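Worksheet: one structure, shown below.
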Amino acid sequence: MIESPGVTVTRTGEHGAFGGELLTVNFGPHHPSTHGVLRLIVDLDGEQIKRVEPVIGYLHTGIEKQMEALRWQQGVVVTDRHDYLSPPINNLAYALAVEKLMGVEVPPRANALRVIMSELTRLSSHLVWMGTSGLELGAMSMLMYCFRERDLIMDLNEEISGFRMHTSYIRPGGVMADATPRFLEMLDKFIREMPGHVDEYEDLLTMNPIWRSRTIGIGVLPAEDAKVLGATGPMLRGSGVAWDLRKAIPYSGYENYDFEVAVSNDSDCYGRYLVRIKEMREAVKILRQALDKLPDGPVNVDDRKMLPPPREELETSMEAVIHHFKLFTEGYSVPPGDAYVAVESGRGENGCYIVSDGTHKPRRVKFRSASFVNLQALERMALNHMIADMIAIIGTADTVLGDCDR
Amino acid sequence: MIDSALVVDKGVTARDEWITVPADRIRDALSALKKDGYRLLVFLTCVDHLVDASREFPARYELVYQLRDLDKPADLRLRTFIDGDPPRIDSVHDIFPPANWDERETYDLFGVVFAGHPGLTRILMPDDWVGHPLRRDYPVGGETVEFSEEHEIWQTPPDEA
């Protein structure tokens, strides 16, 4: 067996179809195409893959343990860091779980802003996926085009929250701050331009002969296998199963938006690519509806036990000072019990399971990450393909190792 | 339909339905629920109830299986309580394949031993790690960090090394 990373060892006693021995090759953990730090132990017969064993844990940061030491409102900052390509969606899962256990409903404007941030994040996550996967399979200019538009989304993040990546914008009880008029203007411009950019990506990839020959028929995952292996997100929809949490178990008012679930019956890497392209177009549609119908009103729940009072009240009201002091020294407590909320991230079902013992800190926070479960389907997809196809298969599975290892 | 003799307790917390089953019948309960249509195991995890005065718990470790029926759609949470050192329960990886890594993770972080698992090794922590970090009696910040001043390698002067 392999003793240390980077060492290739021949296993004896097992023979391939051509009479040669199976070769065990170590792939990663520091390989540019593994989207993070993923190590694979691959058994090869010639160039054919006969066994894949993913080794994960290189990006394990123990955020579930850290959150047990933080107060409920402080935990939001940690959730940003687990799936680092979609921070607001992680915030949303955590915020919804805390609100569910506390029995709190956020105002409609907060819900609409949450939908806007989720869809922007989905776009940004798919852009990073498409840029890097294109780069790995020989379409180098994809990275430039995709990161150009991703930067616009970063600017939007910065305008609304002050941060470009780890926004911590969605919090239990609402959102951090109301959208500024400049944000709404920038968003409007972005929505008008984005469909044209998606056309550009399609011009570069959809009929590109190299892209097609590297992805069509590669990494086939039949629908029944995808369901059995628990795959979610574009992995499941790329296999022809129209399962989307935004439609099936709506949250944050997704039932009020008109959009289609992107499905492809190809079941291969190309099908998963088509699903993501369609999802980007649908995300723009949702953004347009959310912006046009953006309701007026508060963006936070009116609960002084959960969120700090406005600055001006502190000068006139003793009660506001007490609430402010209590909130920033002790925090709020959540009633004993547990709750699970699942949201649809760019990768699939990212859920948050929380357990409270009635104190101001969580007893347990568990993140159900899509990458962790989807990665288990890797062997099923890669079997009997060439080692070079592994790049396409890992790429279109779109695992984020920060999400996987937490 | 799940045998009512298997259900020790049931209820709804924060709009989530749950049932409690005896730990030694976990495989029967999950097989029955899978036949009922709960074909997806969303996640499997453990909660350590060490010194939790808020409620009454029959044992220290609570194992949680979140199941989903994709056709309805409906969720159901299945709980079971175990004790012991190490706590032991039957593996369900052959009923629900995604449980394979989840069980490895629960073993890694809580030290729960799943009998019948094909390769119960650490998955997130390094292979030579001692202890199970998500247990409540495992301190935060208790480990030495490499390259910090406390780390013994860097405390040794060059001439003594």
Identify, from the list B:Leu63, B:Leu109, the residue that is crowded, with 21+ Cβ neighbours inside 10 Å, at pLDDT 90 or above and within 11 Å of chain A (Cβ to nearest Cβ).
-> B:Leu109
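Can you tell me which residues in the range A:59-82 are among the β-branched types (Val, Ile, Thr) and either more than 14 Å from every other protein chain (Cβ to nearest Cβ) or in contact with a helix residue (DSSP H, G or I) (Cβ under 6 Å, 6 or more places away or on another chain) (or both)? I'd like the intermediate steps shown before the answer.
Within the range A:59-82, the subset among the β-branched types (Val, Ile, Thr) is A:61, A:63, A:76-79.
Result: A:Ile63, A:Val76, A:Val77, A:Val78, A:Thr79.
Check whether at least one residue in the range A:100-112 is in contact with a Cys (Cβ under 9 Å, 6 or more places away or on another chain), more than 14 Å from chain B (Cβ to nearest Cβ) and over 29 Å from A:Arg364 (Cβ atoms), and report yes or no. Working first, answer last.
Filtering the range A:100-112 down to residues in contact with a Cys (Cβ under 9 Å, 6 or more places away or on another chain) leaves none.
Checked against the condition, which is being in contact with a Cys (Cβ under 9 Å, 6 or more places away or on another chain), more than 14 Å from chain B (Cβ to nearest Cβ) and over 29 Å from A:Arg364 (Cβ atoms), the range A:100-112 yields no hits at all.
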Give just the number: which of (1) within 14 Å of another protein chain (Cβ to nearest Cβ); (2) crowded, with 22+ Cβ neighbours inside 10 Å does A:Leu85 not satisfy?
-> (1)
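Would you confirm, using the coordinates I've provided, whether A:Glu202 is among the acidic types (Asp, Glu) and assigned to a helix (DSSP H, G or I)?
Numbers: among the acidic types (Asp, Glu): yes; assigned to a helix (DSSP H, G or I): yes.
It is true that A:Glu202 is among the acidic types (Asp, Glu) and assigned to a helix (DSSP H, G or I).
If I ask for residues that are buried (at least 19 other Cβ atoms within 10 Å of the Cβ) and more than 10 Å from chain A (Cβ to nearest Cβ), which ones from the range B:92-103 would you list?
Within the range B:92-103, the first condition is being buried (at least 19 other Cβ atoms within 10 Å of the Cβ), and the residues that meet it are B:92-93, B:96, B:98-103.
Within the range B:92-103, B:Val92, B:His93, B:Glu103 qualify.
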Quick check: is even one residue across the range B:128-137 in a loop (DSSP other than H, G, I, E, B), at pLDDT 85 or above and either buried (at least 21 other Cβ atoms within 10 Å of the Cβ) or aliphatic (A, V, I, L, M) (or both)?
-> yes
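Would you check if B:Val12 is aliphatic (A, V, I, L, M), surrounded by fewer than 16 Cβ atoms within 10 Å (Cβ to Cβ) and away from chain A (no Cβ under 12 Å)? Quick ask: steps written out before the conclusion?
Numbers: aliphatic (A, V, I, L, M): yes; surrounded by fewer than 16 Cβ atoms within 10 Å (Cβ to Cβ): yes; away from chain A (no Cβ under 12 Å): no.
Taking the combined requirement at face value, the residue does not satisfy it.
Filter the range B:66-91 down to the residues that are assigned to a strand (DSSP E or B) and polar (S, T, N, Q), then identify the one that is nearest to the other protein chains (Cβ to nearest Cβ).
Applying the first criterion (assigned to a strand (DSSP E or B)) to the range B:66-91 yields B:66-69, B:74-82, B:84, B:87-90.
With polar (S, T, N, Q) added as a condition, the list becomes B:66, B:80.
Values: B:Gln66: 6, B:Thr80: 14 Å.
Across the range B:66-91, the extreme among qualifying residues is B:Gln66.
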State all residues of the range B:112-134 that are facing chain A (nearest Cβ under 10 Å) and of a type in the set (D, E, K, R); if no residue qualifies, say none.
-> B:Arg122, B:Asp127
Working carefully through the options A:Arg214, A:Arg192, find the one that is surrounded by fewer than 15 Cβ atoms within 10 Å (Cβ to Cβ) and out of contact with any strand residue (DSSP E or B) (no Cβ under 6 Å at 6 or more places or on another chain).
-> A:Arg192
Output the residue which, of all residues in the range A:369-405 that are crowded, with 24+ Cβ neighbours inside 10 Å and not in a helix (DSSP H, G or I), is farthest from the other protein chains (Cβ to nearest Cβ).
-> A:Asp398
Just wondering, is there one or more residues in the range A:114-121 that are under 30 Å from A:Pro298 (Cα atoms), under 16 Å from the mean Cα position of the chain (by Cα), in contact (Cβ under 8 Å) with a residue 24 or more places away in the chain and surrounded by fewer than 19 Cβ atoms within 10 Å (Cβ to Cβ)?
-> no
Filtered residue count, the range B:26-60, keeping only those that are within 11 Å of chain A (Cβ to nearest Cβ), among the aliphatic types (A, V, I, L, M) and in a loop (DSSP other than H, G, I, E, B) | 3
Selection within the range A:50-108 - in a helix (DSSP H, G or I) and free of Cβ contacts under 8 Å to residues at least 40 places away in the same chain = A:Lys65, A:Gln66, A:Val78
Contact list, first residue from the range A:316-339 and away from chain B (no Cβ under 14 Å), second anywhere and of a type in the set (S, T, N, Q) and surrounded by 18 or more Cβ atoms within 10 Å (Cβ to Cβ), beta-carbon distance below 7 Å, six or more apart or interchain, is A:Gly331/A:Gln73
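Is it true that A:Ile116 is outside any loop (DSSP other than H, G, I, E, B) and away from every other protein chain (no Cβ under 14 Å)? Steps first, answer last, please.
Working: outside any loop (DSSP other than H, G, I, E, B): yes; away from every other protein chain (no Cβ under 14 Å): yes.
When the stated conditions are applied, A:Ile116 passes them.
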From the residues in the range A:346-357 that are more than 16 Å from the chain's Cα centre (by Cα) and closer than 16 Å to A:Pro172 by Cβ, which one is farthest from the other protein chains (Cβ to nearest Cβ)?
-> A:Ile354
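The values are calculated or read from the model by the stated rules, or taken from the named source; none is laboratory data. Everything numeric here is computed off the predicted structure, so don't read it as measured data. Here the Cβ is made from the backbone with ideal geometry for all residues, glycine too, and neighbour counts use every protein chain on show.
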